[in-house]
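Down below is the structure, laid out as structure tokens.
The values are calculated or read from the model by the stated rules, or taken from the named source; none is laboratory data. In this text the structure is predicted, and so the values were computed from the model without any measurement. Note: ideal-geometry Cβ built from the backbone for every residue, glycine included; neighbour counts use all protein chains shown.
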Amino acid sequence: MWQYQKKLQYPIKIKQTNPKLAALIMSQYGGPDGEIGASLRYLSQRYAMPLAELKGLLTDVGISVSSVVH
């Protein structure tokens, strides 16, 4: 059995908050133009590709983009 410990890999100290910057960062990761949206577009477009090589290429790109997010 394992225990989940919510802690950062490196400790940080936030001296001043910046809500505008936080909103920008969140939109880049999860918004319609963010990394997750791009990954899902690549992975869904691969089903319409006529050639197996292109399906594999879109799969590889979609997976590599999604690994950037994690």
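So the values come out like this:
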{"quantity": "Filter result for Gly31 (surrounded by 12 or more Cβ atoms within 10 Å (Cβ to Cβ) and over 17 Å from Ile63 (Cα atoms))", "calculated": "yes"}
{"quantity": "Residue within region 41-52 that is of a type in the set (A, V, I, L, M) and surrounded by 12 or more Cβ atoms within 10 Å (Cβ to Cβ) present", "calculated": "yes"}
{"quantity": "Single match in Ser27, Ser44, Ser66 (criterion: touching a helix residue (DSSP H, G or I) at 6+ places or on another chain (Cβ under 9 Å), hydroxyl-bearing (Ser, Thr, Tyr) and at pLDDT 75 or above)", "calculated": "Ser44"}
